[in-house]
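Participant: Quick one: structure below, then a few questions.
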Amino acid sequence: MKSKIDEILRVDHAGETGASKIYEGQIKVLGNTEVGPMLRHMRDQEQEHLDTFHELLNKHETRPTALMPLWNFAGYSLGVVTALMGKKAAMACTIAVEEVIGKHYHEQAETLTEKKHSKLKKTLLKFRDDELEHKDIATTNEGEKTPGYKLMKFVIQSGCKVAIKLSEKI
Ligand SMILES: [Fe+2]
Ligand SMILES: [Fe+2]
């Protein structure tokens with residue numbers, strides 16, 4: 001179970017790194033528009049999530065993924081590029097990413113059945129709810145109405161799934 005917990009902490013730490021970088025990138029482009037406060041709200045929550053996993057990695061003496069530089073770069077680039085495509089595209093990116101992460105946290109939480117993991121489970125479920133709130137914000141802000149929404153969602157979600165698989169192991 002130790003290695004299973006290590007995998008959970010490693011991949012979640014990686015994911016939250018990517019997520020906070022996506023919002024950083026979007027804030028860089030759209031920070032001074034009407035979606036700025038919303039993007040900052042989501043970025044701040046991702047930072048809280050990231051800090052939590054950072055602490056847990058230290059506590060469990062688990063190393064972060066070796067792919068950190070890649071997720072930093074990939075997250076930031078994805079944020080900048082989608083924001084340059086417009087506000088709705090930025091929101092479409094959020095829908096795509098948060099749907100995958102929300103489901104990911106939900107599935108991880110379900111694997112934690114032992115009492116000694118109840119605290120981690122609670123954390124994962126709280127974060128799942130935060131991510132689904134982000135998805136709702138993006139849906140309300142017409143992310144689904146960006147041109148090429150379906151293709152964009154497919155591409156981003158495929159990338160997220162590959163990133164998750166890699167970060168569990170590497
Ligand atoms: Fe998050
Ligand atoms: Fe999120």
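The values are calculated or read from the model by the stated rules, or taken from the named source; none is laboratory data. For clarity, every value in this text was computed on a predicted model and none was experimentally measured. All Cβ positions, glycine included, derive from the backbone under ideal geometry; neighbour counts span all protein chains shown. Heavy atoms of the whole protein, side chains included, go into the accessibility calculation; ligands, DNA and RNA do not. Shrake-Rupley method; radii C 1.70, N 1.55, O 1.52, S 1.80 Å.
Participant: Across segment 30-91, what fraction of all alpha-carbon pairs, as a whole percent, falls in each successive 10 Å bin from zero upward?
Facilitator: Cα pair-distance distribution for segment 30-91, in percent: 18, 41, 27, 13, 1.
Participant: How high is the relative contact order of segment 2-169, given as a whole-number percent (alpha carbon pairs under 8 Å, six or more residues apart)?
Facilitator: Contact order relative to length: 30 percent.
Participant: Using a 1.4 angstrom probe, figure out how much accessible area segment 2-169 has per residue, in square angstrom, rounded to the nearest whole.
Facilitator: Numbers: 8650 Å² over 168 residues.
Counting only protein heavy atoms, the per-residue value for segment 2-169 is 51 Å².
Participant: Using a Gaussian network model of the chain whose springs link C-alpha atoms within less than 10 Å, name the residue from 103, 21, 115 with the highest mean-square fluctuation.
Facilitator: Of 103, 21, 115, the Gaussian network model singles out 115 as fluctuating most.
Participant: What accessible surface, in Å², does a 1.4 Å probe find on residue 118, ignoring ligands, DNA and RNA and rounding to the nearest 10?
Facilitator: Accessible surface of residue 118 is approximately 70 Å².
Participant: Between segment 104-167 and segment 54-80, what is the C-alpha centre distance in whole Å?
Facilitator: 16
Participant: Averaging the inverse of every distinct alpha carbon separation and then flipping it gives the Kirkwood radius. What is it for segment 85-170, in angstrom units?
Facilitator: Values: mean 1/r = 0.0728 Å⁻¹.
Computed over Cα pairs of segment 85-170, the Kirkwood hydrodynamic radius comes out at 13.7 Å.
Participant: Can I ask one more? Students often forget the sequence filter, so: which aspartates and glutamates lie under 13 Å Cα-Cα from residue 153 once same-chain residues fewer than 8 apart are removed?
Facilitator: Here the aspartates and glutamates satisfying the reach criterion relative to residue 153 are 98, 99, 144.
Participant: Continuing with the same structure: Per residue and in cubic angstrom, what volume does the convex hull of the Cα atoms of segment 61-111 have? Kindly include the intermediate steps, with their values, before the conclusion.
Facilitator: Working: hull volume 4.2 nm³, N = 51.
It is 82 Å³ per residue.
Participant: If you roll a 1.4 Å probe over segment 2-169 with all protein chains in place, what percent of the accessible area is carbon or sulfur? Walk me through the numbers before you get to the answer.
Facilitator: On the way: 5120 of 8650 Å².
In segment 2-169, the share of accessible area belonging to carbon and sulfur is 59 percent.
Participant: With charges only on Cβ, +1 for K and R and -1 for D and E, what is the dipole size of the chain about its Cα centre, in debye, rounded to 20?
Facilitator: Values: 26 positive and 25 negative charges, 79 e Å.
Once rounded to the nearest 20, the dipole reads 380 debye.
Participant: Checking the table 87/161; 21/59; 122/145; 59/88 against a 30 Å threshold on Cα-Cα, which pairs fail?
Facilitator: Values: 87/161 24 Å; 21/59 24 Å; 122/145 34 Å; 59/88 39 Å.
Among 87/161; 21/59; 122/145; 59/88, the Cα-Cα distance tops 30 Å for 122/145; 59/88.
Participant: Then there is this: How much of the pair distance distribution for the chain lies past 30 Å, counting alpha-carbon pairs only, in percent?
Facilitator: Working: 2004 of 14365 pairs.
For the chain, the fraction of Cα-Cα distances above 30 Å is 14 percent.
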